[in-house]
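To keep things clear, I will list the structure first and then write my remarks on it.
The values are calculated or read from the model by the stated rules, or taken from the named source; none is laboratory data. Computed from a predicted structure; not experimentally measured. When we count neighbours, we look across all protein chains shown, and the Cβ atoms used for this are built from the backbone with ideal geometry, even at glycine.
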Amino acid sequence: MTHGPARVSALDSPIWGRSFADDEMREIFGADRYVAACIEVELALARAQARLGIIPKEAAEGISAAAATLELDRDRLARETEIVGYPILPIVEQLAPAAGDAGRYLHWGATTQDIMDSATVLQLREGLTLIASRVEAVRAALTTLARDHRDTPMAGRTHMQHALPITFGYKAATWLSGFDRHAERLEQLAPRVLMVQFSGASGTLASLSGRGLEVQAGLAGELGLGVPPITWHAIRDGVAEAVQLLALIAGSLAKIAADVSMMMTTELGEVAEPFVRHRGASSTMPQKANPISCELILAGARLMRNHASAMLDAMIHDHERATGPWHLEWSAVPEGFAIASGMLAQAEFMLSGLRVFPENMGRNLDHSRGLIVAEAVMMALAPLTGRKEAHDIVYAGCRRAVDEGTTLNDALKDDPQVTLDPDALQRLTDPRNYLGEAPDMVDRLLAGR
């Protein structure tokens, strides 16, 4: 039997949970870690104020000593949080008595949101560090695929149909380019988000008699966070930006998952997720190996979009303390980070062990019997006939090839309007000779890695 409320979220489900969220991010944004972060902020505040002479040094030491040995009554904390609406007063009411006389100086000049926001920023710092490491792992896997398959020809597809030849390395490199930018975004995001939040009841630090900004800076120093230029507790763009970036990362992952899952179809068979016994198996069809990581990534991206949307709503705070929008963050931030990190973990597993089948890529490339490189013939013929005329000639040849079930070369070689040398026409209708600058583009992206 389980104790406490039944778990209804997929993220916390004993069945689905580890498919959607990785254990490391779950630990960072778990309730125990959040309570610990709140206490960490309270202790840092006491140390900063003691150093500034605002509270006695002995008080800060007493508060820290009490926190080191305190066993919080979690049931009481839950009950009182339901009543108060926030966990800080219930935490203070357990920690202060444990600190004896020193407890009188706990939470000095602070308000609930100061502690909660700063605790959230501590979680964000850890969470973004983990996200960054997972992005690096995905980049490494994509770099390997791009390098190894720089020259592996395959069909490029637009509107779900053959377009022009590409290489699989080029495809992987285009995926990689987005994650290169995500890595930059993560670096640029940090100074805008990782700022202390300490501003008092209305954001003016009035309770600290002209020393509020000193305390704010001291608290920031204790926690290793930045000092904001002005109060931000009702201005939530920083927290919202963090979740929006996760949504961008999720979108890039979903793009890869969509491509891979389609390339895994029986008819194409160009790639496959790593083999693990029974992974993706069907209860009734023994031949099945479903794209499980892709499916979880695609589902995660849609869930992530909902959290990103919620964070835009969470920015609409009324006046100097919100009536409800802040509460949206309590779901969107931890769940968003858990989902994004879980998606990245699935992608790392999938991409680092992706099975690539160049022979099937080649078979599919030849499926249209040369029609995929009709543009190559048109561009070679255009200097002789004019571009529009060349298009019309090759278009008619394509229709003949389709109707007669023949190759593009055979459909064009006896056309008197096609004045190209037969050997040249043969070369032009071989898709492997029309890769453009795809391999060079891969080299350019990978340069310096």
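Data overview
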| item | result |
| --- | --- |
| Single condition VAL373 does not satisfy, out of (1) surrounded by fewer than 19 Cβ atoms within 10 Å (Cβ to Cβ); (2) in contact (Cβ under 8 Å) with a residue 24 or more places away in the chain | (1) |
| The stretch 131-189 - residue that is touching a strand residue (DSSP E or B) at 6+ places or on another chain (Cβ under 8 Å), outside any loop (DSSP other than H, G, I, E, B) and of a type in the set (Lys, Arg) and, of those, surrounded by the fewest Cβ atoms within 10 Å (Cβ to Cβ) | ARG157 |
| Some residue of the stretch 409-423 being more than 30 Å from THR174 (Cα to Cα) and of a type in the set (Ser, Thr, Tyr) | yes |
| Which listed residue, of THR152, THR143, is of a type in the set (S, T, N, Q), in contact with a helix residue (DSSP H, G or I) (Cβ under 7 Å, 6 or more places away or on another chain) and more than 22 Å from ARG432 (Cα to Cα) | THR143 |
| Top-ranked residue in the stretch 67-115 [being out of contact with any Pro (no Cβ under 9 Å at 6 or more places or on another chain) and free of Cβ contacts under 8 Å to residues at least 12 places away in the same chain; ranked as farthest from ARG211 (Cα to Cα)] | ASP75 |
| Residues satisfying the stated conditions in the stretch 72-105, i.e. part of a loop (DSSP other than H, G, I, E, B) and either assigned by TED's automatic domain parsing to the domain that holds GLU187 or under 21 Å from TRP330 (Cβ atoms) (or both) | LEU72, GLY85, TYR86, PRO87 |
| Residues (in contact with a Ser or Thr (Cβ under 9 Å, 6 or more places away or on another chain), surrounded by fewer than 17 Cβ atoms within 10 Å (Cβ to Cβ) and among the small types (Gly, Ala, Ser)) located in the stretch 202-241 | SER202, SER207 |
